[in-house]
Amino acid sequence: MRGITKRFPGVVANEQVDFEAMQGEIHALLGENGAGKSTLSNILTGLYRPDEGEILVNGKPVTFHSPRDAIAAGIGMVHQHFRLAASFTVAENLVLGHRDAADRGFLLEPGMIEGRVTELARRYRMPVDPGARVWQLSVGEQQRVEILKALYRGARILILDEPTSLLTPQESENLFETLRLMGAEGRTVIFISHKLEEVMAVSSRVTVLRRGRVVGSVLTAGTNPRDLARMMVGRDVVFTQKKEGPAQAEREVILQLRGASALGDLGTVALRDVDLSVHAGEIVGVAGVAGNGQRELAEVITGMRRLTAGTVVVGGKPMRVGDPLAAIRRGVSHVPEDRMGTGVAPSLSIADNLVLKAYRRAPISTQGFLHAGRIRTNAIDLIRRFNITAPGPQTPTRLLSGGNVQKVLLARELSSRPRILVAASPTRGLDVAATDSVRALLLEAAAGGVGILLISEDLDEILALADRIAVIYRGHIMGVVERQNASVEDLGLMMAGAA
Amino acid sequence: MIRIERRLTDAGWLLVAVPVGSLVGAVILSSVILLATGHDPLGTWQRLLDRGFLSEGAMSATLVQATPLLLTGLAATAAFRMQTWNIGAEGQLYLGAVGASGVGIALGSQPAIVVIPAMVLAGLLFGAAWAAIPGALRAVFRTNEIITSLMLNYVAGLLITYLIFDSHSYWRELSTFTSRVFPQGKYLSPAAAWPSLQIAGIAIPFGFLLGMVAAASLWLLYRSTRFGFEARVIGDSRAAAHYAGIRTRRMIVAVMALSGAFAGLGGAAEIGDFRHVLDPRGLQQASFGYGGIVVAALARLNPFAVILVALLLGGLSNGGFSLQGADFPAGLVGTLQGLILFCALAGELLVRYRIRVQRPRSSSVRPPEVAARPA
């Protein structure tokens with residue numbers, strides 16, 4: 001790709017990007033959120049057309065009018081969020097929308113397709129049953145189907161967008177093995193990621209994007225995570241880490257779940273007999289692969305979801321469950337996973353969102369009337385204290401960047417002086433600088449005596465911050481380990497359900 | 001290629017330019033139709049303006065038309081602001097009329113100081129109660145309030161028809177022979193007729209004054225009360241409201257009842273200011289409840305703008321009546337009114353979206369933006 005530029009109203013997503021991938025290499029495209037990685041891959045797969053620049057495949061210039069053209073040129077994409085028809089079989093998904101020799105007019109030949117799928121799966125060590133329906137598969141298996149789909153359509157160049165975000169460490173390792181096999185066979189893999197460790201582990205070359213421009217392209221063997229991080233962010237990065245704190249055992253247990261069970265949105269059991277406790281000033285990490293009951297766990301503690309059995313005990317007294325207001329009044333703060341939409345009301349101003357819970361009490365309101373002046377001073381004060389970058393307190397919250405929305409949320413939740421903070425994926429989607437300040441705020445709150453339940457799919461984050469780590473699998477706590485005794489391998493096994 | 005895309009920022013000047021431009025567009029389009037049907041456009045517009053607003057007594061008549069529209073417009077505004085879709089102002093207005101006329105008949109011998117406040121109260125309560133039905137259904141069973149409130153309009157319409165035409169109800173006049181053959185409602189006593197305020201030769205009905213108070217109250221409610229804050233949060237994101245511990249179910253019932261109370265007051269005003277009798281045909285023909293939705297939409301849910309839009313539409317329909325005649329069919333009047341509304345609502349699109357013309361396969365030069373102009 002040469003001199004690619006793509007503009008959207010108000011932003012330049014890619015500016016004069018030159019990108020080159022050799023045959024048979026695993027080329028990582030590294031950059032923070034918003035650096036322009038997804039735009040570039042969407043151009044490469046024909047979803048967007050560049051405003052300027054050209055794409056060359058095997059030295060020949062090509063123009064993609066639609067994803068179909070890109071597929072015909074041998075470019076396949078595995079999206080972060082899979083594009084599979086859940087009620088179809090694996091084999092059916094592979095031929096969906098695709099015409100080739102195996103397709104005789106109207107009629108499909110399932111036997112022949114399944115045979116080819118099995119053969120492909122064996123070659124790349126991606127075991128999957130071609131007759132299984134997609135909804136029956138695990139996330140890792142669904143991803144294999146996506147990769148097989150691209151291969152089935154003859155992709156010589158495969159693009160994977162953040163492929164490990166939903167996988168356990170072991171599943172990720174298997175994926176890397178497959179990618180290496182494909183590289184050895186002469187296929188090109190473009191691996192999009194913002195995680196330094198996995199880029200170092202799998203790629204042979206790295207191109208770093210920052211604010212829509214290419215910062216540099218280096219051989220993986222000739223670089224290290226520190227240098228890559230500097231290229232990505234534009235300055236040195238040292239992530240905030242938890243210092244070895246005092247033993248928590250003598251401190252008060254501030255939150256306790258006893259035999260808590262709850263249903264998920266679809267009415268299936270999402271939490272099973274959960275026992276968990278958090279001490280004052282302690283950070284307990286909840287690790288697990290996405291969708292194993294993390295959201296329900298957070299919602300049960302914060303009153304947003306009813307329990308079917310068990311109790312939630314806050315500060316020694318059982319809490320009325322299924323009532324968010326009761327949780328707020330008992331000092332349970334919540335940074336929800338869905339920050340825009342649940343954590344803040346997007347179209348309301350920053351000032352209004354900062355009093356989203358405090359509006360009920362003096363000094364913000366008295367006798368049912370709000371005090372606009374006090375709402376404003378509260379906002380100005382919190383914007384300064386929490387370093388929120390915003391045009392002003394009356395700006396609609398939806399116009400803020402993800403990092404600043406998260407700061408608004410944390411400012412509100414921490415300024416209410418909570419006893420407990422439930423933080424769900426608090427740094428997901430944030431850039432490096434914002435991640436760091438969010439982590440620092442959590443550590444500061446814990447140092448001030450708040451008991452924190454940190455629910456995250458990012459194991460590195462949990463290892464960096466938590467005193468104790470609980471692993472959740474299919475709604476059940478598989479075990480709780482002290483941080484100093486935790487190994488990634490053991491945690492990974494527990495996350496996959498092997499106790 | 002023409003593309004319609006969302007504006008990233010709200011352009012302030014458009015809020016004024018678009019309505020004005022829409023009106024100009026409507027005048028041009030209507031003039032084409034008037035010319036085609038052999039009418040003089042200029043004269044027609046002059047007559048409409050004259051009879052609607054300028055000639056003697058026109059403004060007073062317009063205010064009578066505008067009063068129920070103002071209140072149903074506020075009813076829609078109160079609910080729509082919380083993204084609660086009360087389409088039932090029509091039926092709530094009928095119920096308000098039933099309540100106010102019933103109380104007016106019952107207290108016929110009492111002085112105005114007793115009867116009028118009682119009628120106001122009855123209108124508010126009957127409208128609120130009728131609207132609370134879809135509100136409660138929504139809160140408890142999660143039924144769609146658009147459908148239930150709309151369906152209740154038909155129920156309310158049949159109810160008032162039943163009270164006058166199909167039964168010997170309390171509301172029906174039965175004392176004379178003609179009224180037993182040609183059913184009609186009982187007329188209220190003079191004490192139940194609402195007063196009006198005379199300013200510069202214009203009679204401002206009591207109902208319109210109440211409507212202005214209601215508009216100011218609604219504005220204050222949404223702007224600076226806890227109740228209004230909760231409604232705004234719910235309107236923006238139900239999930240955020242639940243998260244913040246707001247009792248969303250209670251709020252839905254409360255806001256529906258509030259909305260219904262405004263519509264019911266509109267019905268009471270229609271009885272007290274104008275009809276002085278429960279008149280099923282007249283109420284149903286006027287369809288003020290549906291008109292209120294248009295008023296609220298044009299006013300962009302701003303209570304003060306509701307006052308102005310209600311006056312404009314009131315004048316339009318009042319002027320429309322006087323246009324009708326042998327040479328000017330009622331259908332043509334309706335066409336003109338419809339075109340004005342159509343242009344106004346279409347113009348709304350341009351406040352939030354802009355139109356870009358893209359030349360297909362042009363070079364890397366960015367296509368020029370076409371300035372958003374109302375159609």
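Taken together, the values in this text are just the output of simple stated rules run on the coordinates, not laboratory data. What you are looking at is a predicted structure, and each value in this text was computed from that prediction instead of being measured. Positions of Cβ are backbone-derived with ideal geometry, glycine not excepted, and every protein chain shown enters the neighbour counts.
The long axis of helix B:303-323 is offset from the longest Cα principal axis of chain B by roughly 80 degrees. Of the trypsin sites (Lys or Arg not before Pro) found in segment A:20-99, the ones in coil according to DSSP and having at most 10 other Cβ atoms within 10 Å of their Cβ are A:ARG99.
GNM remark for chain B: springs join alpha carbons under 10 Å apart, and the peak mean-square fluctuation among B:PHE208, B:PHE80, B:PHE321 falls on B:PHE321. Taking the centroid of alpha carbons for each part, segment B:32-91 and segment A:421-499 are 62 Å apart. A straight chain from A:THR308 to A:ARG211 at 0.36 nm per residue would run longer than the Cα-Cα distance by 30.1 nm.
Counts of other chain beta carbons within 10 angstrom of each beta carbon in peptide B:228-240 average 6. Packing around the peptides A:306-316, A:157-167, A:221-231, B:340-350, taken as the average count of other Cβ atoms within 10 Å per residue, puts them in this order, highest first: A:157-167, B:340-350, A:306-316, A:221-231. Each residue in A:HIS334, A:HIS476 was given a count of other beta-carbon atoms within 10 angstrom of its own, and listing them fewest first yields A:HIS476, A:HIS334. Extents of segment A:169-212, taken as max minus min of Cα coordinates on every principal axis and listed largest first, are 32, 26, 12 Å. Database remark: amide H of A:ILE254 closer than 5 angstrom to the amide H of A:VAL278, A:HIS279, A:ALA280 (H placed geometrically; neighbours at sequence offset of 5 or more, or on other chains; Pro and chain starts carry no H). Rounded to the nearest whole Hz, the Karplus-based 3J(HN,Hα) values (6.51 cos²θ - 1.76 cosθ + 1.60, θ = phi - 60°) of segment B:261-269 follow the sequence 5, 4, 5, x, 5, x, x, 4, 5, with x at glycine and proline. The mean number of partner chain beta-carbon atoms within 10 angstrom of a residue's beta-carbon across peptide B:216-227 is 2.
Once the Cβ-Cβ distance of A:VAL253 and A:GLN394 is raised to the sixth power relative to R0 = 41 Å, the FRET efficiency obtained is 0.45.
Computed from backbone phi with θ = phi - 60° and the Karplus coefficients 6.51, -1.76 and 1.60, the 3J(HN,Hα) list for segment A:147-159 is 5, 4, 4, 5, 5, 4, 8, x, 5, 9, 10, 10, 10 Hz; x is used for glycine and proline. Cut-off 10 angstrom, C-alpha nodes, Gaussian network model of chain B. Which of B:PHE126, B:PHE288, B:PHE304 fluctuates the most? With Cα springs under 10 Å in chain B, the top fluctuation among B:PHE126, B:PHE288, B:PHE304 is at B:PHE304. When the convex hull of its Cα atoms is viewed from all sides, the protein assembly as shown shows a mean projected area of 45.7 nm². Note on segment A:336-461: Kirkwood hydrodynamic radius from all Cα pairs is 14.9 Å, rounded to one decimal.
Largest first, the extents of the alpha carbon coordinates of chain A on the three principal axes equal 73, 47, 46 Å. Which of the pairs A:LYS6/A:LYS37; A:LYS317/A:LYS407; A:LYS6/A:LYS195 have their Cα atoms more than 23 Å apart in this structure? Flagged as over cut-off: A:LYS317/A:LYS407; A:LYS6/A:LYS195.
For A:TYR473, the residues 5 or more places off, or on other chains, whose built amide H falls under 5 Å of its own are A:MET478. If R0 equals 60 Å, the separation of the Cβ atoms of A:GLU197 and B:LEU349 corresponds to a calculated FRET efficiency of about 0.75. On a 0 to 90° scale, report how tilted helix B:89-106 is relative to the longest principal axis of chain B, with both axes built from alpha carbons and the result rounded to the nearest 10. Tilt relative to chain B: about 20 degrees.
3J(HN,Hα) along segment A:204-212: 9, 9, 10, 10, 9, 10, 9, 6, x Hz, from the Karplus curve 6.51 cos²θ - 1.76 cosθ + 1.60 with θ = phi - 60°, whole Hz, x for Gly and Pro. Distances over 28 Å make up what percent of all Cα-Cα pairs in segment A:253-495? In whole percent, the long-distance tail amounts to 30. If R0 is taken as 51 Å, the Cβ-Cβ distance between A:ASP265 and B:ILE28 corresponds to a FRET efficiency of 0.45. Rounding to the nearest 10 and keeping the result within 0 to 90°, find how far the Cα-based axis of helix A:372-385 lies from the longest principal axis of chain A. Roughly 60 degrees, rounded to the nearest 10. The fraction of all Cα pairs in segment A:264-344 landing in successive 10 Å bins from 0 to the largest distance is 16, 52, 31, 1, given as whole percents. Once Rg and the Kirkwood radius are both taken over the C-alpha atoms of segment A:412-495, their ratio Rg/Rh works out to 0.97. Distances between placed amide hydrogens fall under 5 Å for A:ASP431 paired with A:GLY403, all partners being 5 or more residues away or on another chain. Peptide A:367-377 has a mean of 2 when you count, residue by residue, the C-beta atoms of other protein chains within 10 Å of its C-beta.
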